[in-house]
Each structure stands twice: as C-alpha cells, then as structure tokens.
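The values are calculated or read from the model by the stated rules, or taken from the named source; none is laboratory data. Since the model is a prediction, treat every value here as computed from it, not as a measurement. Glycine gets a Cβ as well: all are built from the backbone with ideal geometry, and neighbour counts include every protein chain shown.
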Amino acid sequence: MLTSRISQSCRVTSQNVFRRFQSAQARLAESSIESMREENIFTEEHIALRQSLRKIIENEINPHVEQWENEKMFPAHRVMKILGSNGFLGVNKPVEYGGLGLDFSYSIAVAEELGNIDCGGIPMAIGVQTDMATPALARYHNYRGQRWRRLHHQWSKMWITSGTQADWMCLLANTGGEKAFFNKSLICLPLDTKGVDRTTKIEKIGMHSSDTAQVFFEDVRIPKKYLIGDEGQGFTYQMLQFQEERLFGVASVLLGLEKCIAYTIDYCRERKIFGKPILDNQVVHFRMAELATEIELLRSVLYRTVGKFLDGQDVTKRASMAKLKGGRLCREVSDSCLQYLGGSGFTHNPVSRTFRDGRLGSIGGGADEVMLSIICKYMGTLPGRKK
C-alpha cells in the first residue's frame with residue numbers, strides 16, 4: 001500500500017509539473033522577447049519575426065517532437081519547407097537567392113526563438129542548414145566551368161547532420177596542391193551522385209530527432225560547376241563563417257536552458273521531502289539563482305558580440321568565449337537540475353533531454369579545447385610552434 005501511494009504521488013507530481021512547465025514556456029518566451037526591447041541591436045521587426053516563428057513552432061513542430069524523438073528522425077524536408085515558405089530559412093541571405101536580405105541580428109533573433117522547440121536536435125539541424133552549409137554558397141556562388149574533378153578513390157565523412165535525408169551536402173575536400181591551407185575546396189555535392197553512399201546512420205546519445213550519417217565516397221567524379229567559389233579557397237571560406245555559426249549556436253540554447261531551470265523549480269516546489277518542498281532548501285534555490293545569472297550573462301555577451309560583428313569588428317575572441325561558455329553552461333545547468341530531480345531526473349523528461357542533447361555543445365562546432373586555444377592566441381599566451 002505504501003509503495004502504491006508513493007508511486008501515485010510521484011505520477012501526480014510529474015503531471016502537475018508538466019502542466020506548469022507548459023505555462024512556464026510561454027512566460028519564458030515572452031520574457032525573452034521583452035528583454036530584446038532593451039537591446040539597441042534589436043527592433044520591433046525582430047520581435048515580430050520571433051512572434052511569427054513561435055506560432056509555427058507551437059503549431060507545426062512541438063506537437064510532434066515526442067514522436068520524432070522516438071523515431072530518431074524528424075521529417076527534414078517537411079519542416080524546412082514550412083520554415084522556408086514563411087521566410088525563416090536564411091533570413092540574412094540575399095533576396096535574389098531566396099533570403100530576406102536582413103542583417104545578422106535577425107538570424108540571431110530566429111536562433112533564439114528556435115530554443116522554444118522542445119528538443120535540441122531540430123534547432124541544431126536548422127542551424128546547420130542556414131549557418132553552416134549555406135553561407136559560403138550565398139557569398140561566393142558556384143564555379144561556371146564544366147570540367148570534372150575526381151576525388152580520392154575511397155574515403156568517408158563523419159557526423160553529417162540530416163545526412164540520411166539531405167539532397168546535397170556542403171563538402172570540404174582536398175582537391176590538390178601541396179600547401180595545407182590552400183589544397184581544400186568547398187563543393188556543393190548532390191548526394192545522389194554516383195559513388196556516394198549515405199546509408200550508414202550514426203546512433204547518438206542525444207539529439208535523437210536529428211539524423212546523423214557517415215557518408216562514403218568511392219571514385220566520385222564531380223563537375224566543377226559544383227565548386228563553391230575558387231578552387232583551393234575552401235578552408236578560408238570555412239574559417240570566415242565560423243563566428244556566425246558559433247553565435248547562432250549560442251543563441252539557440254538560451255531558452256532551452258531557461259526552460260530547464262523553470263521545470264526544475266516547478267518540480268522542486270511541488271515535490272516534498274520531510275514535510276517541506278525541495279525548493280525551500282537554500283542550496284537548491286540559491287543554485288537556481290546562480291544558474292539563471294549565468295544564462296543572463298551569456299545572453300549579454302552574445303548580444304554585445306553581435307553588435308560588434310554588425311559594426312564590422314573582428315569578434316573571433318568574443319565569439320569563441322561565448323561558444324565556450326555556452327557549451328559548458330549546457331552541461332552545468334542540466335547536470336544541476338537533473339540532480340535536484342532525484343530519481344525522476346534519470347527518466348525521460350525535459351531536463352534529462354537537455355542533459356543529453358546539451359552535451360554536444362562542448363564538442364560540436366569547435367570543441368571547448370579549440371575555443372580555449374583561440375582565446376589564448378588572442379591573449380598572447382598560446383605557445384608558438386617549434387620550428
């Protein structure tokens with residue numbers, strides 16, 4: 001009987017917390033938008049853009065997230081079509097290529113609103129499409145010649161986001177030359193090209209709704225018309241867009257981290273131990289305050305860096321700092337919140353999903369160690385290479 005009553009109590013607590021969490025999401029989203037009004041890099045147009053995107057997320061994406069997480073794949077063509085038709089793919093890309101022609105601050109506004117999606121995999125996949133795979137193509141276009149380029153006999157590429165569904169990939173490949181930084185080119189490669197095999201799906205501990213593939217190549221011949229920009233400049237093109245994709249990534253995690261804290265607060269307010277709510281313990285509510293402060297500081301660094309980027313300044317150091325802090329905060333927030341949920345934290349819920357999805361933040365898009373090396377280089381503390 002005692003076990004039955006405890007089990008029933010836990011179910012009621014979880015149901016109550018979930019209902020509260022749904023209302024908390026709306027409050028957080030509105031609070032995030034209100035905070036934008038205090039920033040000089042944003043306008044009412046940014047806010048209107050976010051509000052329109054939120055309706056699509058609420059109606060077209062979030063109702064299906066649980067299903068897509070279980071299936072370990074979201075319908076990328078369908079979701080991208082909805083977003084593209086409503087102007088949310090490549091908002092800062094040129095109008096002649098289907099974008100809105102807006103500045104990068106609008107891309108950040110979209111990225112932050114994507115944090116309202118109830119998982120990490122879909123915002124990540126959207127960001128890969130808009131801010132990793134396409135910037136060079138929009139800037140440097142494609143080569144006009146018709147000659148062919150044959151790639152190596154047998155090789156492969158790992159960690160290709162949406163790789164089992166994608167129509168094409170932005171491929172950085174060695175195309176000849178002795179100098180390491182000038183022997184790589186960016187190629188817009190259709191994935192139905194003869195010799196391309198992308199059937200190997202990689203199983204991951206998180207980001208379940210986003211499929212990831214290992215792509216194999218065997219005697220692939222590519223027309224030079226698929227070359228992006230100039231041959232041998234691929235590494236340079238890739239380096240030039242790193243700051244944008246890293247800032248996009250930071251913006252996309254802010255709301256998810258705040259939702260993680262909101263869920264934990266509601267749970268700890270509802271759940272009682274020794275006759276009082278878990279939240280009444282000073283160590284718990286103080287920790288929630290610390291984490292909320294860290295998130296707000298990260299948001300401030302992001303907005304300041306975006307402002308400097310819009311002014312044409314080099315933001316490599318600050319973008320690397322934001323990326324480093326964002327990745328570590330994903331781990332810190334989700335780990336603390338999961339701990340306060342106790343046994344419930346080890347089950348499927350928004351906090352445990354953030355725990356496993358957020359772990360990629362310190363690995364993908366430049367690992368923490370890479371960010372630290374970049375920061376050290378700008379600080380003048382990175383040891384020089386031995387000749």
Residue in segment 313-321 that is in contact (Cβ under 8 Å) with a residue 60 or more places away in the chain, under 20 Å from the mean Cα position of the chain (by Cα) and either more than 15 Å from Ile375 (Cα to Cα) or not assigned by TED's automatic domain parsing to the domain that holds Leu279 (or both) present: no
Selection from segment 350-384 of residues that are part of a helix (DSSP H, G or I), within 30 Å of Glu66 (Cα to Cα) and β-branched (Val, Ile, Thr): Val351, Thr354
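Yes or no, residue by residue, for (1) in contact with a strand residue (DSSP E or B) (Cβ under 6 Å, 6 or more places away or on another chain); (2) acidic (Asp, Glu); (3) free of Cβ contacts under 8 Å to residues at least 24 places away in the same chain; (4) within 25 Å of Lys81 (Cα to Cα):
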residue	(1), (2), (3), (4)
Thr164	yes, no, no, yes
Trp168	yes, no, yes, yes
Leu172	yes, no, no, no
Lys184	yes, no, no, no
Gln214	yes, no, no, yes
Residue count for segment 166-182, restricted to those that are buried (at least 19 other Cβ atoms within 10 Å of the Cβ) and not in a strand (DSSP E or B): 2
Which listed residue, of Cys376, Cys337, is among the hydrophobic types (A, V, I, L, M, F, W, C), modelled with pLDDT of 95 or more, out of contact with any strand residue (DSSP E or B) (no Cβ under 8 Å at 6 or more places or on another chain) and surrounded by fewer than 20 Cβ atoms within 10 Å (Cβ to Cβ): Cys376
Test result for Val253, touching a residue at least 12 places away in the same chain (Cβ under 8 Å), more than 24 Å from Leu341 (Cα to Cα) and of a type in the set (A, V, I, L, M): no
Residue in segment 271-285 that is of a type in the set (Gly, Ala, Ser) and surrounded by fewer than 16 Cβ atoms within 10 Å (Cβ to Cβ) present: yes
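Residue-wise test of (1) closer than 30 Å to Ile202 by Cα; (2) surrounded by 13 or more Cβ atoms within 10 Å (Cβ to Cβ); (3) not aromatic (Phe, Trp, Tyr).
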{"residue": "Phe42", "(1), (2), (3)": "no, yes, no"}
{"residue": "Ile56", "(1), (2), (3)": "yes, yes, yes"}
{"residue": "Asn70", "(1), (2), (3)": "yes, no, yes"}
{"residue": "Ala76", "(1), (2), (3)": "yes, yes, yes"}
{"residue": "Gly99", "(1), (2), (3)": "no, yes, yes"}
{"residue": "Asp103", "(1), (2), (3)": "no, yes, yes"}
Subset of segment 82-139 (residues that are of a type in the set (D, E, K, R) and either closer than 26 Å to Leu191 by Cβ or over 11 Å from the mean Cα position of the chain (by Cα) (or both)): Lys93, Glu96, Asp103, Glu113, Asp118, Asp131, Arg139
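Take segment 183-194 and flag every residue that is surrounded by fewer than 17 Cβ atoms within 10 Å (Cβ to Cβ) and over 12 Å from Glu231 (Cα atoms).
If the condition is that a residue be surrounded by fewer than 17 Cβ atoms within 10 Å (Cβ to Cβ) and over 12 Å from Glu231 (Cα atoms), then Pro190, Asp192, Thr193, Lys194 are the ones that fit.
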